[in-house]
Amino acid sequence: MGLNPAKAKQKSLWLIRHSEAKDASSNSLDIERVLTPKGLRDSLNMRAWLKKLAQKPGWFWASTATRTVHTAQLIMENTEAELVINPSLYLATAETILDILRSSPEDISCVAVVAHNPGISNLVNGFSSTEKINYLPPSGIAYLQLDCEWSELTTSNQYDVNLTFPNSSQSVPE
């Protein structure tokens, strides 16, 4: 009984926009913005939603921004997932996010990235075989089932993208 090569490459990807953050004050930097009370609640709601899923991310990428790190930490709490903070994800373009995702460990079948707009929304649209979105809202998650290794990831392959938002019914993807 051998492995089915198609199944061996099956990967899941979660593209997550950080939760709502406070506006930058005149004496603070954008990278230091913290989550609002609504952002905290939304992160906890998304964690509860993700706990219902059969496959959970084993690897979380996040930018160095306080709001992305905190969002990732809240969502992945009480999991075995590893948090990898990458400075290149701060305000990254879709292509930069894609490059970073390509460096994900091949033995991890489910990866999440917590990043910023417009890059994260542009990447969602780049992957989508269906309707495009204007933007991924704070705490929004796009879920994709991939049929390639991380190192082979490209937007030239189109996928069904499942979206969930903090105020949606949050149905669990198949």
Would you confirm whether any residue within the stretch 129-138 is touching a residue at least 40 places away in the same chain (Cβ under 8 Å) and open to solvent by less than 10 Å² (accessible area, probe 1.4 Å)?
yes
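Among the candidates Ser151, Ser121, single out the residue that is out of contact with any helix residue (DSSP H, G or I) (no Cβ under 9 Å at 6 or more places or on another chain), assigned to a helix (DSSP H, G or I) and either exposed (fewer than 15 other Cβ atoms within 10 Å of the Cβ) or hydroxyl-bearing (Ser, Thr, Tyr) (or both). Give the steps one after another, and end with the answer.
Working: Ser121 fails: out of contact with any helix residue (DSSP H, G or I) (no Cβ under 9 Å at 6 or more places or on another chain).
Unique residue meeting the criteria: Ser151.
Kindly indicate which of Ala112, Ala92 is within 18 Å of Arg17 (Cβ to Cβ), surrounded by 18 or more Cβ atoms within 10 Å (Cβ to Cβ) and touching a residue at least 40 places away in the same chain (Cβ under 8 Å).
Within the list Ala112, Ala92, the selection yields Ala112.
Would you mind stating whether Val113 is under 15 Å from the mean Cα position of the chain (by Cα), assigned to a strand (DSSP E or B) and β-branched (Val, Ile, Thr)? So that I can check it myself, show each step before the final result.
On the way: under 15 Å from the mean Cα position of the chain (by Cα): yes; assigned to a strand (DSSP E or B): yes; β-branched (Val, Ile, Thr): yes.
Against the criterion (under 15 Å from the mean Cα position of the chain (by Cα), assigned to a strand (DSSP E or B) and β-branched (Val, Ile, Thr)), Val113 qualifies.
Is it the case that Asp99 is free of Cβ contacts under 8 Å to residues at least 12 places away in the same chain, in a helix (DSSP H, G or I) and surrounded by fewer than 20 Cβ atoms within 10 Å (Cβ to Cβ)?
Working: free of Cβ contacts under 8 Å to residues at least 12 places away in the same chain: yes; in a helix (DSSP H, G or I): yes; surrounded by fewer than 20 Cβ atoms within 10 Å (Cβ to Cβ): yes.
So Asp99 fits the description; yes.
The values are calculated or read from the model by the stated rules, or taken from the named source; none is laboratory data. Being a predicted model, the structure only gives us computed values, none of them experimental. Backbone-built Cβ (ideal geometry, glycine too); neighbour counts: all protein chains shown. Ligands, DNA and RNA are stripped out before the accessible areas are found, and what is left, the full protein with its side chains, is counted by its heavy atoms. Shrake-Rupley method; radii C 1.70, N 1.55, O 1.52, S 1.80 Å.
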